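The structure under discussion appears below in the form of structure tokens.
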Amino acid sequence: MYTAKDISIILGTDPELISDKTASISKLSMDTRKVDTPSETLFFALGGSMHDGHSFIPEAINKGIKNIVTEKIPDNKTTGINLFVVHNSLKALQKLASFHRERFNYLEVLGITGSNGKTTIKEWLYQIIHDRQVVKSPKSYNSQTGVPLSVWQIKSGDQLGIFEAGISLPGEMEILADIIKPTLGLFTSIGDAHAEGFSSITQKLDEKLLLFKTANTIVFQEDDLAVSSAIRLKYRDKNLLSWGKSQSSTIFRIIDIQKFKVQSHIKIIYNLDEHLLRIPFTDIASIENSLHCVAVLMTLNIDISDIKTALLKLQNIPMRLEMKNGILNSLLINDSYNADIQSFKIGLEFLSQQAGKRDKMLIISDFMQTGLDEGSHNSQIANLIQTHNIRNVIGVGQYVKSLDHYFDSNILFSHFDTTELLIKALPELNVSEKAILIKGARSFVLEKIVQALSEKVHTATLETDLQSIEHNLKVFSHHLDSGTQIIAVIKASAYGSGSEELAKFLEFKKVSYLAVAFIDEGIQLRQAGITLPIMVLNPDRNGVGDMIRYDLEPEVYAIDQLAEIMSVVSLDINCLFNIHLKFDTGMHRLGFVNSDLNELGALLTSNKQVRVKSIFSHLSSSEDAKDDLFTRLQVKRLNEYFDQIVDYLGYVPMKHILNSSGIIRFPEYHFDMVRLGLGLYGIDGTGIIADKLEKVHTFKATVVQIKHITTDDSVGYNRRGKPVSDGLIAIINVGYADGLMRMAGNGKFNVSIHGIEYPIIGNICMDLTIIDLGNATDVFVGDEAIIFGKFKPLEELAIICQTIPYEILTRISGRVRRLYIQS
């Protein structure tokens, strides 16, 4: 707890702007929607590519926040507000976190960096270490803002800190190093992740190593020659501890690795003795992450017998919140892999963001290693629950039994000693139409609850990464002027992703407009609680009443369509209705043409109840440089139409013409709005920013059977599959009825299993596809087969199927399970 006076001294701000120097500050926030204790919160007004935090200062004040870090004094300063005026709000946040870390300079801190595995290793270490009180980064909080918020959690009684650090540009790591100040460092690996901001892998490696400038000891893999040689060169005076197969390994040396069906056995030499480690994984990444954990645990002097026992209990960690449909039209948010106060806050924020009009329910277990006594723990939990207006809470475990002592009378609370008892009671619980957050420690195995409440659907899955949506939104925002608004196009069920869930996320991220194809899509969003303006691109002529009722704004493209709208609107003299005029500038699809202008102008001036919100057109080939002259002609025509319509209207609507490709290739035509569709999902039609975007979708199936075949056999319908050698085939549960087009069959396309490419053999069936495994021995029933995803672009499938990414995404069947994840 700091006082306002303390903060002013730390940040070096003008004390005359502090109204109450004794005000207590314990929490930091950059988002007014994520504040649970406003009186103790210090709000940082940060600038950004999409929004300027300074514009949310009035909202912060209205929410009861009394302490604000800002780069400028608000125009309407409210009496009683403590203002900390700084040159740069982000640097102030980092400075404050660095000061807080320095107060606990006795604390042993592990700093983790590298290209892969940081979050998994951190979470596994947190699960394993029980002999001391641990504070850690929530989720993957490893950025320029995430690290300060992580370090701010350090409190009296903590004995070990575990913080991860990630960077995307030179100069960033030195800042993070000054905040974390690790005494012990772990380098995981070096790869291509976030490499676009660096001139070379070597530069990125050198930058990452700056994290360890205060560390006494550095742990790394000896066999990773680029990493080990760089560390030895840069930090030869530090205590360097390594593991691996190399004779130079100093912590332990691997002498053998054997992989079985669900387990790997690793023989090592440690302290001159041979030991066998049993790890419940067979994939390379998990084995490597496990061994990094082993090396750190040994460095922390944890007994080898305890390490062996803990390794057997490790589980793959879903790094992000998972959202899926539940029984009785419920919505499930699975956050059951860990339990701490900070990640609980994140889960509650996501629940509130996605619940819409559904009642909110919480299933929560005891938390572990919070460092708080039962009273303080339950008081904080209860305060967060009430802040998010949750009225139905189910507790599992002994610690949470007394939660109801801290609730008001409006909260219905029930308690179960064990997860098994709750499972038995599930049929009696009313989960209909509810949004349910399942949050708890690993030891309670709450994923059994998730499984019991999940809608029983096809196990082929289309996974949508909401964090990558946000990343791509920011990438495009960087290319826009602050005055240009974004219309997020989520037609065709958000290109297969599911429009309702994505719309809630985009509304939370404060996009300006949504665009859907048809009226019923817009109605569905309104019924889900979406309040953003919604443009309907292909409105039915008979749906004007519904559009008025649900406040939807149609694209208007024909005289008779406009006349019909005006006749319906005129029935209610109090009705004001927004429309968007579309002009055909050369694509020859929908749109007014030059001969319509006089009649259109007369109609618009005759009815003041209909207001034109925007005038726009559609480019035919914004991504194609060969058609740039025609693109510019289309823009010229739109500008001419725009000027003539404005003369009729007497006011100036907004103007837009650019889609995702146009945003990148024609910055001079950004105008008032742009329409962001496929680019939002990480697909770049221009090829200019593909390396900066993140793939959003992962389409995956499951191996359901494995068989031996010989060259005498044939595979699939019409015996089209001809094995070239004896070996194995795998049958996966996805087919052309799910959206995997038949053109991808017969060896033309590969699926990825454990990162290895295997070809499709024979024709693709309606519900199943057969994969040629050759002589592979590490593929098993239950393994995931990736059709496309983060590292397997869907564009490859589109090329093989002689189509475009749009069609691939929109072909994915409704029976395919939709899963939404967020860091």
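The values are calculated or read from the model by the stated rules, or taken from the named source; none is laboratory data. Treat the numbers as computed from the prediction; the structure is a model and nothing was measured. Reconstructed Cβ throughout: ideal geometry from the backbone, glycine too, with neighbour counts over all protein chains shown. Just the protein is used for accessible areas: all its heavy atoms, side chains included, with ligands, DNA and RNA removed. Shrake-Rupley method; radii C 1.70, N 1.55, O 1.52, S 1.80 Å.
Observations on the model:
- Computed on the stretch 681-754, with alpha-carbon pairs under 8 angstrom and 6+ residues apart, the relative contact order is 24 percent.
- Amide H partners (placed H, <5 Å) of S264, local residues excluded: I279, F281
- Three-way shape call for the stretch 573-650 based on the alpha-carbon gyration tensor, with the a/c threshold at 1.5: prolate
- In the context of the full protein assembly, Y2 retains an accessible surface of approximately 10 Å², using a probe radius of 1.4 Å and ignoring ligands and nucleic acids.
- Of the residues K360, K636, the one with the largest accessible area comes first in the ranking K636, K360, computed with a 1.4 Å probe on protein heavy atoms.
- In terms of accessible area, using a 1.4 Å probe and ignoring ligands and nucleic acids, E599, E164 rank largest first as E599, E164.
- The distance linking the stretch 785-801 with the stretch 1-60 is 45 Å (Cα centroid to Cα centroid, whole angstrom).
- Rg/Rh (Cα only; Kirkwood hydrodynamic radius) as it applies to the stretch 283-407: 1.05
- Candidate aspartates and glutamates for bridging to K91, where Cα separation is under 16 Å - those fewer than 8 sequence places away on the same chain excluded: D52, E71, E172, E174, D178
- The length gained on full extension between R132 and N239, counted as 0.36 nm times the residue separation minus their Cα-Cα distance, comes to 36.2 nm.
- With all protein chains modelled, accessible area of D52 [1.4 Å, Å²]: 60 Å²
- Subset of K722/K748; K474/K504; K360/K509 violating a 19 Å alpha-carbon distance limit: K360/K509
- Carbon and sulfur %, accessible surface of the chain computed with the full protein complex present, 1.4 Å: 50 percent
- Here K181 is the anchor, and the aspartates and glutamates within straight C-alpha reach of less than 12 Å, apart from those fewer than 8 places off in the same chain, are E102, E108, E164.
- Within the chain: Cβ-based charge dipole about Cα centre, in debye rounded to nearest 20 (Lys, Arg +1; Asp, Glu -1): 720 debye
- Option label - Kirkwood radius over Cα pairs in Å computed here, alternatives (i) 29.5; (ii) 34.4; (iii) 27.6: (i)
- Listed residue pairs exceeding 23 Å between alpha carbons, taken from K267/K308; K259/K790; K448/K491; K357/K401: K259/K790; K448/K491; K357/K401
- Accessible solvent surface per residue of the chain, calculated while the other protein chains remain in place, 1.4 angstrom probe, Å²: 41 Å²
- Listed pairs K27/K63; K122/K238; K34/K139 exceeding 18 Å between Cα atoms: K122/K238
- DSSP finds beta bridges in the chain, and of those with both partners inside it, around 40 percent are antiparallel.
- Euclidean distance of C-alpha centroids, the stretch 504-574 and the stretch 377-417, integer Å: 41 Å
- Amide hydrogen neighbours beyond the local backbone of N578, cut-off 5 Å, H modeled: R611
- Rolled with a 1.4 Å probe across the full set of protein chains, the surface gives F281 an accessible area near 10 Å².
- The alpha carbon convex hull volume per residue for the stretch 239-326 rounds to 130 Å³.
- Virtual spin-label span in nm between M743 and E433, 7 Å along Cα→Cβ: 4.5 nm
- Positive contributions from Lys and Arg (+1) and negative ones from Asp and Glu (-1), summed over other residues with Cβ under 11 Å from the Cβ of V715, come out at +2.
- Separation between Cα centres of the stretch 282-353 and the stretch 140-199, rounded to whole Å: 19 Å
- In this structure, the amide hydrogen of L412, modeled 1.01 Å from its nitrogen in the peptide plane, lies closer than 5 angstrom to those of N392, V393, counting only residues at least 5 positions away or on a different chain.
- Overall shape: oblate for the stretch 771-823, with the ratio a/c of the largest to smallest alpha carbon gyration tensor axis at 1.5 or above and b/c at least equal to a/b.
- Listed residues W152, W124 arranged by accessible area, highest first, probe 1.4 Å: W152, W124
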